[in-house]
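Here's the structure, in structure tokens; my notes come after.
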Amino acid sequence: MGMSAAQSTAFKAGSGNIEVSILHLLCIGALLAFLFLWTAWAFVDVWSGWSNKKVRDAALVRFAIRAVLLLVICIWMFAS
């Protein structure tokens, strides 16, 4: 449901003349950037544990599946 003309004008006045679509894209971009950075950091951490034989193969595979599912679901829900 879109905003009415009065709501859009009030939002632009309150936000310093920023369009709603620009703010929406900025928030989605920040969310996706955070998720990709977190996934990369966690993957490096799990990989180093796996290479030092402190993390089992099954845990590495579970992490990879969960990380990919998290990214795909978030992209599907928020960036579509």
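Nothing in this text is a laboratory measurement; each read-out follows from the coordinates by a stated rule. Please read these numbers as outputs of a predicted model, since none were measured by experiment. Cβ placement follows ideal geometry from the backbone for every residue including glycine, while neighbour counts extend to all protein chains displayed.
Does region 18-35 contain at least one residue that is under 17 Å from the mean Cα position of the chain (by Cα), surrounded by 10 or more Cβ atoms within 10 Å (Cβ to Cβ), among the aromatic types (Phe, Trp, Tyr) and assigned to a helix (DSSP H, G or I)? Taking every residue of region 18-35 in turn, at least one turns out to be under 17 Å from the mean Cα position of the chain (by Cα), surrounded by 10 or more Cβ atoms within 10 Å (Cβ to Cβ), among the aromatic types (Phe, Trp, Tyr) and assigned to a helix (DSSP H, G or I). Within region 49-80, take every residue that is assigned to a helix (DSSP H, G or I) and in contact (Cβ under 8 Å) with a residue 40 or more places away in the chain and give me the one that is surrounded by the fewest Cβ atoms within 10 Å (Cβ to Cβ). Among those residues, the one meeting the criterion is Phe78.
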